[in-house]
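Just passing along the structure, written as structure tokens.
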Amino acid sequence: MAIEHERGCSVEDALTAAVDFLVSPHVADTPFGSVSGRLQSGLAMLSRGTNARQPKSGDQYDIQHLATFKRYVETFIAEGGIAALANQNHLRLGDAFATNIRPFGESEIPDFIDWLENLAEGKEVATLSERIDKATWEGGFHQDFAENMKAAVPEAFADGGKELPRAATLRELGQFSHRRK
């Protein structure tokens with residue numbers, strides 16, 4: 001059989017391994033059933049009474065995605081009604097895995113943009129990115145890169161020490177494009 005050839009184990013061993021996985025604590029701790037059930041029941045409660053929230057066609061997809069992925073992400077973005085439901089005090093579905101469940105609708109766009117802009121603030125990659133952007137804009141990045149390359153691999157520049165041609169800066173290109181208009 002193919003499994004014996006590809007995996008180097010018998011069919012019986014493969015089935016045993018699959019069953020062992022399915023009864024493992026990892027699968028038991030997977031929040032899909034708990035999260036899905038709690039959201040479904042919460043949605044049912046919201047759909048009752050005089051100010052009932054009518055279920056939307058995307059609710060089931062949001063519930064499935066939230067139940068599947070919340071364990072693996074720091075932030076989960078859902079339709080506003082599902083996010084509000086998931087964050088209700090009696091559910092607090094993000095707490096178990098430290099997941100921030102954020103609403104996303106038309107009215108949340110400005111806050112969402114602010115959140116995205118502040119997401120990497122203070123992190124090393126953001127600082128490095130800002131330095132590269134600034135150096136590229138001012139024109140120093142290409143010259144610094146060339147000098148670092150010459151220092152690191154001098155034999156690659158053994159052609160008489162000729163300088164690399166100076167690249168135009170983004171600022172210069174921007175000024176040029178504005179003059180053409």
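None of the figures in this text is laboratory data; all of them are computed from the coordinates on show. No experiment lies behind these values; they were computed from the predicted model shown. Every residue, glycine as well, gets a Cβ built from its backbone with ideal geometry; the counts of neighbours run over all protein chains shown.
Rounded if a/c is under 1.5, else prolate if a/b beats b/c, else oblate: with a ≥ b ≥ c from the C-alpha gyration tensor eigenvalues square-rooted, which is the stretch 31-119?
Note, shape of the stretch 31-119 comes out oblate.
To continue, here is another question. Ranked highest first by the average count of other Cβ atoms within 10 Å around their residues, in what order do 55-68, 96-109 fall?
The packing order, highest mean first, is 55-68, 96-109.
H90 to D114: FRET efficiency via 1/(1 + (r/R0)^6), r the Cβ-Cβ distance, R0 30 Å, to the nearest 0.05?
Values: r = 29 Å, r/R0 = 0.96.
The formula returns an efficiency of 0.55 here.
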